[in-house]
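Below you'll find the structure, written out as structure tokens, and then a few comments.
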Amino acid sequence: MPGLPFRGRRKQDAGAPTEDEIRAHVAGVASAAAAEVEPVPAVVADRTAAAFFDVDNTMMMGASLFWFARGLASRKYLTSRDIARFAWQQAKFRVAGNESAGDMLTIRETALAFVAGREVSEIVDAGEEIYDELMADRIWSGTRNLAQQHLDAGQRVWLVTATPVELARIIAHRLGLTGALGTVSEVVDGRYTGRLVGELMHGEAKAEAVRALAEREGLDLSRCTAYSDSANDLPMLTLTGTAVAVNPDTELRAVARSRDWTIRDFRTGRKAARIGVPTVAAAALTGGAVGGALAFRRRRLL
């Protein structure tokens, strides 16, 4: 696969892309292709500028997939043991700050496997209900206001997240945003196969998705803005002309300060303590391991 435009590759290193780079490219292109585009805003449209927001801990308190999994458990798709099991695995990733190739391979091979054979419409309907029950009240109003500022300026706004694209779309639509780039699952005849298309929407894959969408929509990335809480999203943050660290982790805060990026923190001490458990110990799904949250099958289909 020659000539893939991977960020940061020097000319002297421009040989054949690695397998991980190919997966990231495929995932990014698939996510951009799946992105729904709303009509331009009623205000004077700024067609070449846009904003890209991470979801977990950036747009929403904690991890969207943790709340989604809780909602699925209440509907007997998952058991409490399943949730505890994958939460521990994701907490390990979050605390360690990185994921090994073996870990990511396991996640990639098993992510979304529990929905294999189920109709997409069934999961989407559940997602709509779960958003109302568990997610709507966890949107950061400060981050939502930042997104609204872009919309008011005639710019389009996309979510970019490792969360499955079906859930990401629900969140985007409920917030009145343009659309979402998320992890894409293979679908045949309206049913999930249990496999991913390419890679999880993580790290470089997010940058690939944004790049592919920008090419399709005629965006000037130097005029675009990216928002995230995690250093794992540096490929996306460094792709756009403006980067903003929202509720940043320690590493991203340091990078933002060194590069003179804007830092916006909407957490209070009390609120940060209250959401700390689902964010780090139970719902540590940001930073690319999100798809693994759905990796564990419930013991029996009900």
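The values are calculated or read from the model by the stated rules, or taken from the named source; none is laboratory data. Just so it is clear, the model here is predicted, and its values are computed rather than measured. Backbone-built Cβ (ideal geometry, glycine too); neighbour counts: all protein chains shown. The protein model used for the area step is the full one, side chains on, heavy atoms only, and it has no ligands, DNA or RNA in it. Shrake-Rupley method; radii C 1.70, N 1.55, O 1.52, S 1.80 Å.
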Of the criteria (1) open to solvent by 50 Å² or more (accessible area, probe 1.4 Å); (2) closer than 28 Å to residue 153 by Cβ; (3) in contact with a Leu (Cβ under 8 Å, 6 or more places away or on another chain), which one residue 215 fails: (3)
Search result, residues across segment 128-159 that are within 26 Å of residue 72 (Cα to Cα), open to solvent by less than 60 Å² (accessible area, probe 1.4 Å) and either outside any helix (DSSP H, G or I) or without any contact (Cβ under 8 Å) to a residue 40 or more places away in the chain (or both): 136, 139, 140, 158, 159
Residue match in segment 70-80 (condition: part of a helix (DSSP H, G or I), in contact with a helix residue (DSSP H, G or I) (Cβ under 9 Å, 6 or more places away or on another chain) and modelled with pLDDT under 80): yes
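Taking the criterion of being closer than 19 Å to residue 163 by Cα, modelled with pLDDT under 80, open to solvent by 40 Å² or more (accessible area, probe 1.4 Å) and more than 12 Å from the chain's Cα centre (by Cα), would at least one residue in segment 35-49 satisfy it?
Here is the first cut: in segment 35-49, the residues closer than 19 Å to residue 163 by Cα are 35-37.
Pick out the ones that are also modelled with pLDDT under 80 and you get 35-37.
With open to solvent by 40 Å² or more (accessible area, probe 1.4 Å) added as a condition, the list becomes 36-37.
When the remaining residues are screened for being more than 12 Å from the chain's Cα centre (by Cα), the result is 36-37.
Yes - at least one qualifying residue is present in segment 35-49.
Does segment 243-256 contain at least one residue that is in contact with a Gly (Cβ under 6 Å, 6 or more places away or on another chain) and in a loop (DSSP other than H, G, I, E, B)? Steps first, answer last, please.
Taking segment 243-256 and keeping what is in contact with a Gly (Cβ under 6 Å, 6 or more places away or on another chain), we get none.
Checked segment 243-256: no residue is in contact with a Gly (Cβ under 6 Å, 6 or more places away or on another chain) and in a loop (DSSP other than H, G, I, E, B).
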